[in-house]
1. When Cα Rg over 2.2 N^0.38 Å is calculated directly from the model, which label among [x] 1.46; [y] 1.54; [z] 1.05 fits?
2. Could you state the angle between the C-alpha long axis of helix 2-46 and the longest principal axis of the C-alpha atoms of the chain, as a value from 0 to 90 degrees rounded to the nearest 10?
3. Hey, how many Å between the Cα centroid of segment 99-125 and the Cα centroid of segment 9-81?
4. Restricting to DSSP H runs of at least four residues, report the calculated mean residue ellipticity at 222 nm for the chain, -39500 (n - 2.57) per run over all residues, nearest 500 deg cm²/dmol.
5. Take every Cα pair under 8 Å in segment 2-132 that's 6+ residues apart, average their separations, divide by the length, and report that relative contact order as a whole percent.
6. Once amide H atoms are built 1.01 Å from N in the peptide plane, which residues 5 or more positions from L102, or in another chain, come under 5 Å H to H?
7. Hey, fewest Cβ within 10 Å first, where do I79, I52 land in order?
Amino acid sequence: MKQFIVLAAVLPILMLFIMQFSLEQRQHDAISMTQEIVNQMALELRNGQYGIGFEERYRIRIAECLNVNADEILIEININCRDLAETSASGQEISYSVRFPLGRIMAGGEWMGIPGANNIGWYDINGSVYIKEQV
């Protein structure tokens with residue numbers, strides 16, 4: 001009977017490690033799937049295929065991939081014209097930033113006294129592409 005009582009106390013603690021591993025695998029999958037979508041977005045930006053509704057289209061694609069609300073995903077695109085002094089070339093530098101929710105960071109956070117509002121993680125993907133001006 002004593003062994004059963006000890007097992008009942010230890011088993012949830014041991015399950016916490018398995019739950020955390022599963023949670024981290026899910027987060028890594030979400031990051032890699034979103035990275036693929038962002039790479040496609042960067043390729044379209046590099047080819048000059050952006051316009052009205054570009055951010056919204058990718059926001060919806062990421063939201064469908066992650067099963068989250070599209071309003072939770074932030075996409076910012078900045079276009080700057082600049083000259084490169086070392087190559088005497090000019091063109092556009094397009095920088096982008098994508099921020100999306102990962103959800104829970106720690107499995108069993110409620111058991112450890114971490115409120116749900118503090119157990120939320122976000123992931124940022126930043127980058128830039130440069131389009132040389134055709135002469």
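1. [y]
2. 10 degrees
3. 15 Å
4. On the way: 2 runs with 58 residues, N = 135.
Rounded to the nearest 500, it is -15500 deg cm²/dmol.
5. Details: 152 pairs, mean separation 31.6, N = 131.
Here the relative contact order equals 24 percent.
6. G121, W122, Y123
7. Values: I79 12, I52 7.
Listed from fewest to most nearby Cβ atoms, that is I52, I79.
Only the coordinates and a few stated rules stand behind these numbers; no lab work does. Keep in mind that what you see is a predicted model, and the values were worked out from it rather than measured. As a convention, Cβ positions derive from the backbone with ideal geometry for all residues, glycine included, and neighbour counts pool all protein chains shown.
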